[in-house]
Amino acid sequence: MAHERPASVFFFAPFVSSTMGVEPAWIDYNGHLNMAYYHVLFDRAVDEAFGIVGLGPDYVVERRATFFAAEVHVRYRRELTADDRVRVTLQLIDFDEKRLHFYSEIRHAQEGWVAASSENMALHVNAATRRVSPFPQDIAANLAVMKGCHARLPRPDDLGRVIGIPRSRPHDEPVARMAGARA
């Protein structure tokens, strides 16, 4: 097939994005990066990382397919402010014929600390039908190489986190019960 690309021989593990800046217009009334723009930074890095395997912006035009976010879990760990410079790391955790599971961290470009982490599940989609569809063979081969390189990395601590309020002690029950209220 004319569109097929040979599997890449090398991937950085993890992938590291280009350096990006926090734009002053992205700062909210709390004086730090608004949560929506963390997603912009993650998304730009995803395009850059998966462009290497052939899933970049040209993929939609050339192959009439793309990938959509299905689920995202973001953990905000440290504030970013105007003019901070960041890089995003990305680790491909797993993939199958129609899905990608990957993990990313926004890191301060000079100091290296983690500002946020993001765990993602994405679906490969036929752009014409808007239905989930299998990856082409050449893209799957490239993803296999990327996964092989990234499999050597340690499993991220933030992977698989669950949101919730821990209830570990009996006295953590709701106030109404503690006050003797009836249900």
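The values are calculated or read from the model by the stated rules, or taken from the named source; none is laboratory data. All of these numbers come straight from a predicted model, not from anything done at the bench. Here the Cβ is made from the backbone with ideal geometry for all residues, glycine too, and neighbour counts use every protein chain on show. Note: areas computed on protein heavy atoms with side chains; ligands, DNA, RNA excluded. Shrake-Rupley method; radii C 1.70, N 1.55, O 1.52, S 1.80 Å.
Tabulated results
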{"quantity": "Length-normalised contact order for segment 30-183 - Cα pairs under 8 Å, 6+ apart - percent", "calculated": "22"}
{"quantity": "Summed side-chain charge close to ARG161 - residues other than ARG161 whose Cβ falls under 15 Å, Lys, Arg +1, Asp, Glu -1", "calculated": "-2"}
{"quantity": "Per-selection metrics, segment 72-178 (Cα): Rg and Dmax in Å", "calculated": "18.9, 61"}
{"quantity": "Residues in segment 67-90 that a label on THR19 would reach, taking backbone N under 14 Å of a point 7 Å out along Cα→Cβ", "calculated": "83-88"}
{"quantity": "Over segment 1-118: Kirkwood hydrodynamic radius from C-alpha pairwise inverse distances, Å", "calculated": "15.4"}
{"quantity": "Local net charge near VAL132, Cβ-Cβ under 10 Å (Lys/Arg +1, Asp/Glu -1)", "calculated": "+3"}
{"quantity": "Options TRP113, ALA69, LEU159, ranked by Cα towards positive dipole end of segment 67-165, top entry (Cβ charges)", "calculated": "ALA69"}
{"quantity": "Hz values of 3J(HN,Hα) by residue in segment 121-136 - Karplus curve (6.51, -1.76, 1.60), Gly and Pro given as x", "calculated": "10, 10, 10, 6, 10, 6, 5, 6, 8, 6, 10, 5, 9, x, 5, x"}
{"quantity": "Cα convex hull of segment 96-156, projected area averaged across orientations, nm²", "calculated": "5.6"}
{"quantity": "Segment 85-100 - phi-based ³J(HN,Hα) in whole Hz, Karplus 6.51/-1.76/1.60, Gly and Pro as x", "calculated": "10, 9, 10, 10, 9, 9, 10, 6, 7, 6, 7, 9, 5, 9, 10, 10"}
{"quantity": "Rh (Kirkwood; distinct C-alpha pairs) - segment 44-96, Å", "calculated": "13.7"}
{"quantity": "Within segment 1-143: Cβ-based charge dipole about Cα centre, in debye rounded to nearest 20 (Lys, Arg +1; Asp, Glu -1)", "calculated": "240"}
{"quantity": "From phi via Karplus (6.51, -1.76, 1.60), per-residue ³J(HN,Hα) for segment 145-154 in Hz, x at Gly/Pro", "calculated": "5, 4, 4, x, 5, 7, 5, 6, 6, x"}
{"quantity": "Solvent exposure ordering (accessible area, 1.4 Å, most first) of ASP47, ASP83", "calculated": "ASP83, ASP47"}
{"quantity": "Distant-in-sequence amide H partners of ALA109 (H built 1.01 Å from N, under 5 Å)", "calculated": "ARG85, VAL86, ARG87"}
